Amino acid sequence: MNASSVLEELRKDILDKSVKVGDFVLKSGRHSKWFIDAKQTLCRPPGMLLAANAVLDVIGTMPLRPDAIGGLTMGADPVAFTTAGVAAVRGMGLKAFSIRKEEKTHGAGGSVAGALDPGDNVIVVEDVSTRGTSLLQAVEAIRAAGAVPALALAIVDRGGTAGELAAGAGVEFRALITAPDLGFEFGS
């Protein structure tokens, strides 16, 4: 399946399983006529593979192959771990990690769980980006761990502002699917 048909199948799966229409209160407190729970797609086998293949298609266009993929837990987890698993089957060494929302103070401590090493070239992922603040929080944690965020990638860009925030932090942003691709306006 080529890259454009993978994205189209992923878009259809997200519309079918993850998008709900009604009256919703978002994390920001704003009301919206639609809500997206991307984990309904990203945690089911067909959607898992579609998303992983779409992310790997993006990786294939990057000038420098990444060493690791991850981001803030829970939004990044299904994307990062599935993509790393599919990459492993293809013979690509792509490590996966999560960033805790609160730093662990016991055991080895820290905010990173999983495989992230200083100097790693990293793809920062999340399932849905509304404002882009979660991606930026992940970028800061990755830099604090001594790794290099090379690309911020959202499966769905709901709000249309993540690109500007990422650029301000010196990181390129890409979204596989946007709110308009799903039939909604950014920020609606």
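Candidates are the residues of the stretch 164-188 that are of a type in the set (D, E, K, R) and free of Cβ contacts under 8 Å to residues at least 60 places away in the same chain; the one that is farthest from Leu42 (Cα to Cα) is Glu164. Specify which of the listed residues (Ile36, Ile14) is within 19 Å of Leu135 (Cα to Cα) and of a type in the set (A, V, I, L, M). The conditions single out Ile36.
If you go through the stretch 109-139 one residue at a time, how many are acidic (Asp, Glu) and without any contact (Cβ under 8 Å) to a residue 12 or more places away in the chain?
Of the residues in that region, 0 qualify.
Just give me the residues in the stretch 124-141 being touching a Gly at 6+ places or on another chain (Cβ under 8 Å) and not small (Gly, Ala, Ser), in sequence order.
Within the stretch 124-141, Val124, Val125, Glu126, Asp127, Val128, Thr130, Arg131, Leu135 meet the criteria.
Residue by residue, here is whether (1) touching a Lys or Arg at 6+ places or on another chain (Cβ under 7 Å); (2) over 27 Å from Ser188 (Cα atoms); (3) at pLDDT below 95; (4) surrounded by 22 or more Cβ atoms within 10 Å (Cβ to Cβ) holds:
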site: Lys33; (1), (2), (3), (4): no, no, yes, no
site: Ala51; (1), (2), (3), (4): no, no, no, yes
site: Asp67; (1), (2), (3), (4): yes, yes, no, no
site: Gly70; (1), (2), (3), (4): no, yes, no, yes
site: Val79; (1), (2), (3), (4): no, no, no, yes
site: Gly109; (1), (2), (3), (4): no, yes, yes, no
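The residues of the stretch 147-161 that are modelled with pLDDT of 95 or more and not charged (D, E, K, R), listed by number, are Ala147, Val148, Pro149, Ala150, Leu151, Ala152, Leu153, Ala154, Ile155, Val156. Taking residues in the stretch 79-95 that are over 13 Å from Val124 (Cβ atoms), and partners anywhere that are among the polar types (S, T, N, Q) and surrounded by 15 or more Cβ atoms within 10 Å (Cβ to Cβ), the pairs with Cβ atoms closer than 9 Å and at least 6 places apart or on different chains are Phe81/Ser98; Val86/Asn53; Leu94/Thr83. Residues that are in a loop (DSSP other than H, G, I, E, B), touching a residue at least 12 places away in the same chain (Cβ under 8 Å) and of a type in the set (Val, Ile, Thr) within the stretch 44-75 comprise just one, Thr73.
The values are calculated or read from the model by the stated rules, or taken from the named source; none is laboratory data. Just so it is clear, the structure is predicted and the values come from calculations on it, not from any experiment. Here the Cβ is made from the backbone with ideal geometry for all residues, glycine too, and neighbour counts use every protein chain on show.
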